[in-house]
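Worksheet: the structure to be examined is printed underneath.
No value in this document is a laboratory result; all are computed from the given coordinates. What you see is a predicted model, and the numbers here were worked out from it, not measured in a lab. Note that each Cβ is placed from the backbone with ideal geometry, even for glycine, and that neighbours are counted across all protein chains shown.
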Amino acid sequence: MTRQNLNELFARTSFLHGANSSYVEALYGKFQENPGAVSADWRAFFTDLKERKEDVLAEVQGPSWKRKDWPPSADGDLVRALTGDFSEVEREIEKK
């Protein structure tokens, strides 16, 4: 590849960097489910990748070993202890 070809390749793919990888991955999953849900530019880009739909959707969903209860909900005991919200505990005490 010549230097000019490498520059053209970089210009065409410079938006693919770590800072927006989650966004592009989610957009790719959206494209796999419904190609009309993304803009024509993204549709053309994703079509050129020629990856299997099943592989892309599995990647977007995350690993099979991913915990279903993670991340913890924002109203868990730890969060309430840190914020000082003891209203639920107070209601339980009042019941007793």
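Please go through region 66-96 and pick out each residue that is of a type in the set (Phe, Trp, Tyr) and either in contact (Cβ under 8 Å) with a residue 24 or more places away in the chain or within 25 Å of Leu27 (Cβ to Cβ) (or both).
Trp70
Collect the residues in region 75-96 that are part of a loop (DSSP other than H, G, I, E, B), surrounded by 10 or more Cβ atoms within 10 Å (Cβ to Cβ) and basic (Lys, Arg), keeping them in residue-number order.
Taking region 75-96 as the starting set, the residues that turn out to be part of a loop (DSSP other than H, G, I, E, B) are 75-76, 84-86, 96.
Going one step further and asking which of them are surrounded by 10 or more Cβ atoms within 10 Å (Cβ to Cβ), we end up with 75-76, 85-86.
Across region 75-96, there are no qualifying residues.
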